[in-house]
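Written below as structure tokens is the structure these notes are about.
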Amino acid sequence: MGCLCTKKKEKSELKEKIINDNIDEDFDRIKKKLAQDVKILLLGGGESGKSTIFKQMRLIRDGEFSDEEIDQFRKLIRKKCITQMQILIKASTKLVIPLKKTDEAEELLKFKPTTTIWEEEIGNLIHELWNDPGIQKTYEEKDKKFHLDDSANFFFDEIERISSDYYVPQNEDILRARTKTVSIVEEELIVNGFKFTLIDVGGQRSERRKWIHSFDDVTSVIFVTSLIGYDQTLREDHSVNRMLESLNLFRELFTRSWFKKSSIILFLNKKDLFQEKIKKLDLNVCFPEYTGGKNYEQALEYIQNQFTEVSSFGGNENRKLYPFATNAIDTSNIELVMIGVLDTILRKNFQTLY
């Protein structure tokens, strides 16, 4: 009898293997066709990094940015350098942090970023101010007392290169330059040979409310959250924690009927910045019950679990969440993750055929 049972089991396993092999062969054969029907919506709060991911996808498709885009970003980056340093100067005054370079600070505040034509003098002023101990001390208070772009320090460190008459923004410069999405942006993109449609919408509250209900036909939603938002507040509402707001928005995906048929992909973004930040600031400032200390892996797992709990709440126990830790600035990371995302989406869609 034992032998007969073993043979039946082997026969059953062989049959299952043949079926799975056939499915895999069919999947490999038609997945390019399936990809053409894939429509992915990028969703997330303001400054989560989703628009950077959108730029990455275009870069992966085209290999480079157009001359027109490069020229636009040259102007934007230089404008950002002025505005971000002006924010630091004003913050130092508000926080009563003395500066050594007071003359330079007064001079830079005279420039209007929207109308100023870049001059070498501006770069010199920013360079001097960035090396002022008072500005450095003020910079350490960002997120707690005022808002500054995540990449402000990167551009300040590169100000001599940016000030050059021959400055041509590199891909990393463009990816780091924060741009606010205020409308719907839709592109047909290619990753690993597969075409699909990617849609980006505004991340601020007012922008989300305009568009979120219009995408009930999307195949999947990539929800992007910033890992470093656990001690930050919204630009549009300083009383609201950015991480908790992200969790609330994520909860909407599962309580509304708009995305009931869409698979949900979670991007835990800015993992590189989070890895450094968690060493200095415990996650319990946002989640008092967290006890993992300043350990990157434990903190990352804890945040992921918060989103997983939301996804399984209210009758969604069987709805699977697909999480990925990402660094939107790292092209190779995003390309690798998107290959995995597309494969996950296509396989999920393909299984509905059987």
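Taken together, the values in this text are just the output of simple stated rules run on the coordinates, not laboratory data. Owing to the predicted nature of the structure, the values given are computational and were not obtained by experimental measurement. Here the Cβ is made from the backbone with ideal geometry for all residues, glycine too, and neighbour counts use every protein chain on show.
For Asn124 and Asp231, the FRET efficiency from 1/(1 + (r/R0)^6), where r spans their Cβ atoms and R0 equals 35 Å, is about 0.55. Which entries of Lys90/Lys144; Lys50/Lys142; Lys144/Lys277; Lys80/Lys142; Lys110/Lys144 show an alpha-carbon separation above 25 angstrom in the structure shown? Going by Cα-Cα distance, Lys110/Lys144 fall outside the 25 Å limit.
Of the peptides 267-273, 245-251, 45-51, how do they stack up when ordered by the mean number of other Cβ atoms within 10 Å, highest first? Each step should come with its number before you reach the end.
Working: 267-273: 21.7, 245-251: 19.0, 45-51: 24.7.
Put in order of decreasing packing, that is 45-51, 267-273, 245-251.
When you filter the trypsin sites (Lys or Arg not before Pro) in the range 83-148 for DSSP loop state and at most 14 other Cβ atoms inside 10 Å of their Cβ, you are left with Lys100, Lys110, Lys144, Lys145.
Hey, with R₀ at 41 Å, roughly what FRET efficiency would Glu188 and Lys94 work out to, going by the Cβ-Cβ distance, to 0.05? Could the numbers behind the result be given before it?
Working: r = 46 Å, r/R0 = 1.13.
So the FRET efficiency works out to roughly 0.30.
Phi angles across the range 81-93 convert, under the Karplus curve 6.51 cos²θ - 1.76 cosθ + 1.60 with θ = phi - 60°, into 3J(HN,Hα) values of 4, 5, 5, 5, 5, 5, 4, 5, 4, 5, 5, 5, 5 Hz, Gly and Pro given as x.
Database remark: amide H of Val38 closer than 5 angstrom to the amide H of Thr197 (H placed geometrically; neighbours at sequence offset of 5 or more, or on other chains; Pro and chain starts carry no H). With Cα atoms defining each centre, the range 135-156 and the range 164-196 are spaced 24 Å apart in the structure. Each residue of the range 266-278 was assigned a 3J(HN,Hα) from its phi angle through the Karplus curve 6.51 cos²θ - 1.76 cosθ + 1.60 (θ = phi - 60°); the sequence is 10, 9, 8, 8, 6, 4, 5, 5, 5, 4, 7, 5, 5 Hz, with glycine and proline shown as x.
Spin-label model, Lys112/Asp330: points 7 Å from Cα along the beta carbon direction are separated by 4.3 nm. The separation of the range 100-115 from the range 38-65, counted between C-alpha centres, amounts to 34 Å.
Compactness check for the range 250-350: Cα Rg over 2.2 N^0.38 Å is 1.20.
The slack between Val168 and Lys195, meaning 0.36 nm per residue of separation minus the straight C-alpha distance, is 6.7 nm. Residue by residue, the range 149-160 carries 3J(HN,Hα) couplings of 4, 4, 9, 4, 5, 4, 5, 5, 5, 9, 4, 5 Hz when phi is fed to the Karplus relation 6.51 cos²θ - 1.76 cosθ + 1.60 (θ = phi - 60°); x denotes Gly or Pro. Over the range 67-176, the ratio between the Cα radius of gyration and 2.2 N^0.38 Å evaluates to 1.03.
Between the beta carbons of Phe146 and Lys280, assuming R0 = 22 Å, the FRET efficiency works out to 0.75 to the nearest 0.05.
With +1 on each Lys and Arg Cβ and -1 on each Asp and Glu Cβ, how big is the dipole of the range 67-176 about its Cα centre, in debye rounded to the nearest 20?
Numbers: 17 positive and 24 negative charges, 139 e Å.
It works out to roughly 680 debye.
Sparsely packed loop sites in the range 272-339 (the trypsin sites (Lys or Arg not before Pro) outside DSSP H, G, I, E and B with at most 16 other Cβ atoms within 10 Å) comprise Lys279, Lys280, Lys294, Arg319, Lys320. Length available on full extension from Asp103 to Glu64: 0.36 nm per residue minus the Cα-Cα distance, which gives 10.0 nm.
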